[in-house]
Amino acid sequence: MKKFMRRNIPNLLLLIVFSIFVYFALTFNWLSIEAVDRSHHVEILTINTIFIGFLYTTLGVMVGFLGNTKISNMDRSGYLDEYYYTIYFGLFFFIASAFFGILAVFFKAFTTNISIYTFEQIFLFGGLLFFIKALYNLIKVIKKVRSNL
C-alpha cells in the first residue's frame with residue numbers, strides 16, 4: 001500500500017482537488033439543473049463511451065511501448081505505475097458515469113431523478129480530468145520512446 005501511495009502522489013493529489021471541487025459544486029449548487037429527460041442521459045452516456053474507448057486505446061498504446069527497452073525497464077522498475085493508474089482512475093469515473101446513465105435510460109424511475117444526473121456529471125468531470133492527465137502522461141512516454149530511437 002505504501003508503494004502504491006508513493007507512486008501515485010500526482011493521481012491522489014488530483015483526486016483530492018477533484019473531491020474539493022465536488023464538495024463546493026454540491027454545496028454552492030454550481031450544477032443547477034431544472035429538468036431532466038431521457039435525452040440528457042443518452043447524451044452523457046454517448047460522451048462516456050467515447051472517452052472510455054479513448055482511454056482503452058491509450059492503455060493499448062502504453063502496452064505497445066513495452067517493446068521498447070527503455071520503457072520496458074521503466075515499467076519493471078514501477079515508474080509507469082502512475083501512468084497506468086491514471087488511465088484506471090479515468091476508466092473508473094467514466095464507467096461510473098455510464099452506469100448511472102444506463103440506470104436512467106433503462107429504468108423510468110431514474111430518468112427524471114436530478115441526483116442521478118448530478119452523479120453522471122460529476123463522474124464525467126472526474127473522468128475528463130484523468131483523461132487529460134493520461135494524455136499528458138502518454139505524451140511524456142512518446143517523448144521517451146522517440147529519444148531512444
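Counting only helical runs of four or more DSSP H residues, what would the 222 nm mean residue ellipticity of the chain come to if each run contributes -39,500 (n - 2.57) and the total is spread over all its residues?
Details: 7 runs with 125 residues, N = 149.
It comes out at -28500 deg cm²/dmol, rounded to the nearest 500.
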With point charges of +1 on the Cβ of Lys and Arg and -1 on the Cβ of Asp and Glu, referenced to the Cα centre of the chain, which listed residue (22, 85, 36) lies farthest in the positive direction of the dipole? 85
Most fluctuating of 11, 137, 68 in the GNM of the chain (C-alpha, under 10 Å) is 68
Please state the charge dipole magnitude for the chain, taken about the Cα centre, from unit charges on C-beta atoms (+1 on K and R, -1 on D and E), reported in debye and rounded to the nearest 20. 880
Label points 7 Å out from Cα along the Cβ direction at residue 23 and residue 50: separation in nm? 3.3
If you work out Cα extents along the principal axes in Å from the coordinates, which of (1) 84, 34, 25; (2) 54, 27, 24; (3) 50, 33, 27 do you get? (2)
Quote the FRET efficiency, to the nearest 0.05, computed for residue 61 versus residue 112 with a Förster distance R0 of 30 Å and r equal to the Cβ-Cβ distance. 0.15
What is the sum of charges, Lys and Arg at +1 and Asp and Glu at -1, for the other residues whose Cβ falls under 15 Å from the Cβ of residue 146? +4
Enter the angle in degrees (range 0 to 90, nearest 10) between the Cα long axis of helix 38-64 and the first principal axis of the Cα atoms of the chain, meaning the one along which they spread out most. 10
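Stick to Cα atoms and the Kirkwood definition of Rh, then tell me Rg/Rh for segment 1-88. List each step's numbers first, then the result.
Details: Rg = 18.0 Å, Rh = 16.1 Å.
In segment 1-88, Rg relative to Rh is 1.12.
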Take the chain, connect every pair of alpha-carbon atoms lying under 10 Å apart with a spring to form a Gaussian network, then pick out the residue of 136, 117, 84 with the largest mean-square fluctuation. 136
Could you work out how much longer the chain between residue 95 and residue 79 gets when fully extended? Use 0.36 nm per residue separation minus the Cα distance between them, nm to one decimal. 3.2 nm
Between 0 and 90°, nearest 10: helix 114-147 axis offset from the chain longest Cα axis: 20
Add +1 for every Lys or Arg and -1 for every Asp or Glu among the other residues with Cβ under 15 Å from the Cβ of residue 45, and state the total. -2
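Read the figures in this text as sums done on the coordinates, not as results from a lab. It should be emphasised that the depicted structure is a prediction, and the values quoted were computed from it without experimental measurement. FYI the Cβ positions are ideal-geometry reconstructions off the backbone, even for glycines, and counts take in every protein chain you see.
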